[in-house]
Amino acid sequence: MDKKKLVVLTGAGVSAESGLGTYRDNGGLWDRYDPMEVASDRGWRRNPGLVLDFYNMQREKLQTCAPNAAHKAIASLESDWDVQVITQNVDNLHERAGSSKVLHLHGEVTKVRPENCCNEADGFSEKFVRDVGYGRVSLGDLAENGAQLRPHIVFFGEAVPKMQEAVQMVSQADLMLIVGTSLSVYPAASLYGFTQPGTPIYIIDPADVNTGSRGMHHIKKTAVEGMKDFIEILKSK
Ligand code: OAD
């Protein structure tokens, strides 16, 4: 029999217990950096060196972090479920924990591309996207087509090319789990609204969340503790 489809939407909170900071919690990344300077299309045009440095720092930090028990628990669900992870995170911790189907809505920090590629004009082709691992990228580092390399990240002000694919996945879910996201960045925050009516939705987050009109079940714990509860809930079904 085909496995049922579980769609897991994750945000920065799932990686918090790996040592990666979230964006909007007290002391989070956006407390310390202005996202419009380091992570927006205008910021890139104004000061690409600053943007490159910000993501060099993210890569350096990621190299020191490992997947936590929540990433591993999500991967382990693949034995019973057809699990599709949709992550807003630009880290690679789901892949390193063993998840086999991961869609990165906001890009991947370990990848780069020429600044003139993967846009509306070329249909968001990823032909020139390259893996840079945890390496640094500097002004003057050029792609094979001669253009400056930039992070393969969806900057504020840019389209989210994988959104349609993500909507399709969510609309086919038998069950949806959301972990560690403030649901404040659109269009990602609207995804759960594309579940079929009656599809159960669980959200794991230690903070109060707006459980929306779809009546989500809130597991008010950190990702690691909350995943233990979620797995117990699945066993009892
Ligand atoms: P936020 O920083 O907005 O939200 C993090 C969420 O994680 C909050 O709801 C926290 O309560 C929760 N949280 C904190 N610690 C946790 C833990 N140990 N376990 C579980 N949850 C925890 O991060 P995102 O919602 O992911 O975009 O932000 C969305 C997007 O905004 C990011 O992808 C990024 C950012 O700007 C880009 O960079 C394009």
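Largest first, what is the accessible-area ranking of Lys5, Lys162 with a 1.4 Å probe? Write out the running numbers ahead of the final one.
Working: Lys5 75, Lys162 50 Å².
Sorted by accessible area, descending: Lys5, Lys162.
Any idea what angle helix 48-63 forms with the longest principal axis of the chain, computed on alpha-carbon atoms, 0 to 90 degrees, nearest 10?
40
Return the Rg/Rh ratio of the range 5-136 with Cα-based radii and a Kirkwood Rh. Numbers along the way, then the final one.
Details: Rg = 15.6 Å, Rh = 15.9 Å.
Here Rg/Rh amounts to 0.98.
Which lysines, on any chain, are close to Lys4 with Cα under 17 Å apart, when same-chain ones fewer than 8 places away are left out?
Lys101, Lys235, Lys237
Of Leu105, Val137, Trp44, whose Cα points farthest to the positive end of the dipole of the chain (charges on the beta-carbon: +1 Lys, Arg; -1 Asp, Glu; origin at the Cα centre)?
Selected residue: Leu105.
How much length is gained on full extension from Asn47 to Lys237, taking 0.36 nm per residue of separation minus their Cα-Cα distance? Don't jump to the answer; show the numbers that get you there.
Values: separation 190, 0.36 × 190 = 68.40 nm, distance 5.27 nm.
Answer, rounded to one decimal: 63.1 nm.
Highest mean first, what order results for 80-87, 9-16 on Cβ atoms within 10 Å?
9-16, 80-87
In nm, to one decimal, how far is the Ser190 label point from the Asp80 one, both placed 7 Å along Cα→Cβ?
It is 3.4 nm.
To check my understanding: the extent here is largest minus smallest coordinate of the Cα atoms along each principal axis. What are those three numbers for the chain, in Å, largest first?
Principal axes ranked by extent give 57, 36, 31 Å for the Cα atoms.
Within the accessible area of the range 1-134, what % is carbon and sulfur when the probe is 1.4 Å and the other protein chains stay in place? Display every interim value, and only then the final one.
Numbers: 3010 of 6390 Å².
Its accessible area is 47 percent carbon and sulfur atoms.
Could you work out the per residue convex hull volume over the alpha carbons of the range 65-158, in cubic angstrom? It would help to have the intermediate numbers written out before the result.
Details: hull volume 10.8 nm³, N = 94.
Looking at the range 65-158, the number lands at 114 Å³ per residue.
When the chain is treated as a GNM, springs tying every alpha-carbon pair under 10 Å, which of Arg42, Arg130, Arg32 comes out with the largest mean-square fluctuation?
Arg32
Looking at the chain as a GNM with Cα springs under 10 Å, which of Ala39, Ala189, Ala97 has the largest mean-square fluctuation?
Comparing Ala39, Ala189, Ala97 in the GNM, the peak value goes to Ala189.
With a cut-off of at most 16 other beta carbons within 10 Å, and DSSP calling the residue loop, which trypsin sites (Lys or Arg not before Pro) in the range 57-126 qualify? Please list them. The partial results should precede the final answer.
On the way: sites: Arg59, Lys61, Lys72, Arg96, Lys101, Lys111; in loops: Lys101.
In loop regions of the range 57-126 (DSSP not H, G, I, E or B), the sparsely surrounded trypsin sites (Lys or Arg not before Pro) are Lys101.
Specify the residue with the greatest mean-square fluctuation among Arg24, Arg45, Arg136, computed from a Gaussian network of the chain linking alpha-carbon atoms under 10 Å apart.
Answer for the Gaussian network model of the chain: Arg45.
Could you state how much accessible area Met57 has, in square angstrom rounded to the nearest 10, with a 1.4 Å probe and all protein chains kept in place?
70
With charges only on Cβ, +1 for K and R and -1 for D and E, what is the dipole size of the chain about its Cα centre, in debye, rounded to 20?
Details: 26 positive and 30 negative charges, 48 e Å.
Using only the charged Cβ atoms, the result is roughly 220 debye.
The values are calculated or read from the model by the stated rules, or taken from the named source; none is laboratory data. These figures come from a predicted structure and were not determined experimentally. When we count neighbours, we look across all protein chains shown, and the Cβ atoms used for this are built from the backbone with ideal geometry, even at glycine. Accessible surface areas use protein heavy atoms only, side chains included; no ligands, DNA or RNA. Shrake-Rupley method; radii C 1.70, N 1.55, O 1.52, S 1.80 Å.
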